[in-house]
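Student: I have a structure here, written as structure tokens, and I will follow up with some questions on it.
The values are calculated or read from the model by the stated rules, or taken from the named source; none is laboratory data. The structure displayed is predicted, hence computed values, not measured ones. With ligands, DNA and RNA removed, areas are computed over all heavy atoms of the protein, side chains included. Shrake-Rupley method; radii C 1.70, N 1.55, O 1.52, S 1.80 Å.
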Amino acid sequence: MIKKIYIVCLIITGGVLCPAGLFAQKWSDFYYIKNSDAWFTCENAAGLDKLEIEKISFIEAFSNKSNGDFINYYQSDNSYSFGGLTESFYRLKNVVFYGKVNYFNFSGKNMGGSSLFDPYFSPFDIVEYADSTAGEKKMEAYHLTGAISMPAYKNLLLGLKADYSTVSYYKIKDLRHTNDLMDMKITTGVSYPTKIADVGLNYYFRKRVEGTSYQSKGNTDQQFSSLISYGAFMGEQQGYSSIGDEITCGSNRPFVDFIHGISIQIDLFPQKKIHFFNELGIKQRNGYYGKKASTSIMFSEHEADIFQYKGKISLKKDKNLHLLTVLLKQENLINSMKSHRESTVNGNTTIVYYGKNEVLDRTTTKASLQYTGNLEVTDNNPEWLINTGISFGERDQIASLYPDYRKQDIYQLSAEASVERNIIHNDNMYSISLGGVYGFGGGDEKTDGKYTSTDSSDSYATLDRYLYREYEYMTSSRITTDAKFRYTKKLPQNYRIYGDIEYSFTKAFSTTCIGNTFGHLGISIGCIF
């Protein structure tokens, strides 16, 4: 039913809004407009009122093919994906709408490692113990976003935004897993203009539920086991059973997350052509794995504090728009496993909890600085597009299974640059883009120790081959080059159809646990209106 709803939304959004193209500027570029003002991509939808054109939309179909052995421990060396996307801005007098519908279908071969949709978001990982169980995985995802900005009282603007995703992710070969993900984000905010700045405030809510279940349909005599990785591939080994109270038993058990937060926006404009946008957000994350019921098990609880900042300086001069963007984000997460036992009274069995043990303290930091130069802009379309930037990421964590612990600290650095040229000839536009990224990293993949001096043997299980694969993937020096060509044809009534092809290739150096090359080919066709 959900699939049918998304397909209908995709068709209706593209079909109903097609007349919007009658009033769009001749060569307006959707992503130039979307990125020209920081209000359009911030959490507060009230800022959509900054839209200066009446309307613009696009609809696109795409496909991608990827091959290569420079991959992370849970990725595919041979994958294919396809999908459809439509996105739109629309102004109706003092009310501005934004909408997006996306469908994505993925199939990857030779996939093992994590059985979770995003192991870096989850408070712990569930990792297949044997490489021999790697097989094909498939994913189908639907994503719908809607936002509105409208007058509330005098100069006060009200913004509402809803973002909903649903994903089905499953493995075909034993040990099979099936994951059903629901991710919902809702924000409501206000903004108010003053003589020196526009200020805004919004509330953010997110609920994410990833249901996981396991099953075996092949040789039932074969024993399957997984590592419950508390961090850095240290944890407990558990065998699969169709029923029972283990994490990887056949029952459907969810990872549940609730995130609440607030953000403030201050857009300073010391001069008419200069804007300095600032957005500071604070969020609180709480969640658990299992089910909150007297007869079912809640295996773990986690909480996190999230801080993020976005700053964007924009300078309009002549026909040029210069943008300088700073992004900072840090999350500190604590995960604890709960100790439990079954208690039977008068024939009724309930779950009794008698404590919890902290097993993970993880701090993730991300930072980036990017310059974008939109040069010789005509009809909201730059003749030249220049991008340069640097980014930094670090993950510092300590996993504990008393009396043992494992520390890990990994960092990544990258620098990128790209240039795009748009050439217009009559009713045709030719776009050529070339770019490159250089990245490297470092840190300590593991430091094992004990909280107390003891001669006892290690009380934990590990999967160090995955540890080394992940470390190499994150820290190895690599160069990525990419090229893209797009042809756009203007049709009557200002519709524009386009087709593009892009290819990127990554070459890594000094790898021993994983390969050193990866290639990606993408093709898309679409219509701007």
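Student: Over the alpha-carbon set of region 387-442, divide Rg by the Kirkwood Rh and report the Rg/Rh ratio to two decimals.
Tutor: 1.42
Student: Taking a quarter of the surface of the convex hull around the Cα atoms of the chain, what do you get in nm²?
Tutor: In nm², the orientation-averaged hull projection of the chain is 28.2.
Student: For region 321-433, how big is Rg over Rh, using alpha carbon atoms and the Kirkwood form of Rh?
Tutor: 1.37
Student: Equivalent ellipsoid semi-axes for region 195-271, as square roots of 5 times the alpha carbon gyration tensor eigenvalues: give them largest first, rounded to whole Å.
Tutor: Three semi-axes, in Å: 49, 14, 10.
Student: So, one more: Quick check on region 78-233: what are the equivalent-ellipsoid semi-axes from the Cα gyration tensor, as sqrt(5λ), descending, whole Å?
Tutor: 44, 18, 11
Student: Okay, moving on. Any idea how far the Cα center of region 298-374 sits from the one of region 431-496, in Å?
Tutor: 19 Å
Student: Ok, one more. For region 394-442, which whole percent of the accessible surface, found with a 1.4 angstrom probe, sits on carbon and sulfur atoms?
Tutor: In region 394-442, the share of accessible area belonging to carbon and sulfur is 56 percent.
Student: If I histogram all Cα-Cα distances within region 236-388 using bins 5 Å wide from 0, what percent of pairs lands in each bin?
Tutor: In whole percents, the pair-distance histogram is 2, 7, 11, 13, 11, 9, 8, 7, 7, 6, 6, 5, 4, 2, 1, 0, 0.
Student: Taking N as the number of residues in region 322-374, what is its alpha-carbon radius of gyration divided by 2.2 N^0.38 Å?
Tutor: Cα Rg divided by the expected 2.2 N^0.38 Å: 2.34.
Student: Moving on. Translational D (Stokes-Einstein, µm²/s) of region 260-344 at 25 °C and 0.890 mPa s when Rh comes from the Kirkwood sum over C-alpha pairs?
Tutor: For these conditions, the coefficient is 148 µm²/s.
Student: While we're on this one: How much accessible area per residue does region 403-529 have, counting only protein heavy atoms and a probe of 1.4 Å, in square angstrom?
Tutor: About 51 Å² of surface per residue is accessible.
Student: Explain nothing, just compute: Karplus ³J(HN,Hα) = 6.51 cos²θ - 1.76 cosθ + 1.60, θ = phi - 60°, for every residue of region 381-387 in order, whole Hz, x for Gly and Pro.
Tutor: Once rounded to whole Hz, the list reads 9, x, 6, 10, 10, 10, 10.
Student: If one puts a single equal scatterer on every Cα of region 475-516 and applies the Debye formula without solvent, what log₁₀ I(q)/I(0) results at q = 0.35 Å⁻¹?
Tutor: -1.11
Student: May I ask for the Kirkwood hydrodynamic radius of region 181-228, worked out over all distinct Cα pairs and given in angstroms to one decimal?
Tutor: It is 16.0 Å.
Student: If I take all pairs of Cα atoms in region 104-179, what percentage of them are more than 15 Å from each other?
Tutor: 66 percent
Student: So, one more: In percent, what relative contact order does the chain have, based on Cα pairs under 8 Å that are 6 or more apart in sequence?
Tutor: It comes to 13 percent, rounded to a whole number.
Student: Further question on the same structure: Whole-Hz Karplus ³J(HN,Hα) for region 469-483, in order, using 6.51 cos²θ - 1.76 cosθ + 1.60 and θ = phi - 60°, x for Gly and Pro?
Tutor: For region 469-483, the Karplus curve yields 5, 4, 4, 5, 4, 7, 10, 5, 5, 8, 10, 10, 10, 9, 9 Hz.
Student: So what's the Cα pair-distance distribution over region 145-190, bin width 10 Å, in %?
Tutor: 23, 28, 20, 15, 10, 4, 0
Student: Just need the Rg to Rh number for region 392-529, please, alpha carbons only, Kirkwood Rh.
Tutor: Rg/Rh: 1.25.
Student: Sorted from largest down, give the three principal axis spans of the alpha carbons of region 19-144, whole angstrom values.
Tutor: Extents along the principal axes: 60, 30, 22 Å.
Student: What are the ³J(HN,Hα) couplings of region 395-409, residue after residue, when phi is run through the Karplus curve with 6.51, -1.76, 1.60 and θ = phi - 60°? Round to Hz, x for glycine and proline.
Tutor: Here the 3J(HN,Hα) series is 10, 10, 9, 9, 9, 10, 9, 3, x, 9, 8, 9, 9, 8, 9 Hz.
Student: Evaluate the Kirkwood expression for the hydrodynamic radius of region 454-529, namely the inverse of the mean inverse distance over all pairs of different C-alpha atoms, and round to one decimal in Å.
Tutor: Hydrodynamic radius (Kirkwood, Cα only) of region 454-529 equals 16.6 Å.
Student: Ok, one more. Could you rank Lys312, Lys484, Lys319 by how accessible they are, 1.4 Å probe, largest area first?
Tutor: Result, largest first: Lys319, Lys484, Lys312.
Student: Just need the relative contact order of region 347-410 here, percent rounded to a whole number, with Cα pairs under 8 Å and 6+ apart.
Tutor: This gives 32 percent for region 347-410.
Student: Across every pair of different alpha-carbon atoms, what Kirkwood hydrodynamic radius in Å does region 141-292 reach?
Tutor: In region 141-292 this quantity evaluates to 19.2 Å.
Student: Enter the Cα centre distance for the pair region 232-265 and region 133-158, rounded to the nearest angstrom.
Tutor: One Cα centre to the other: 25 Å.
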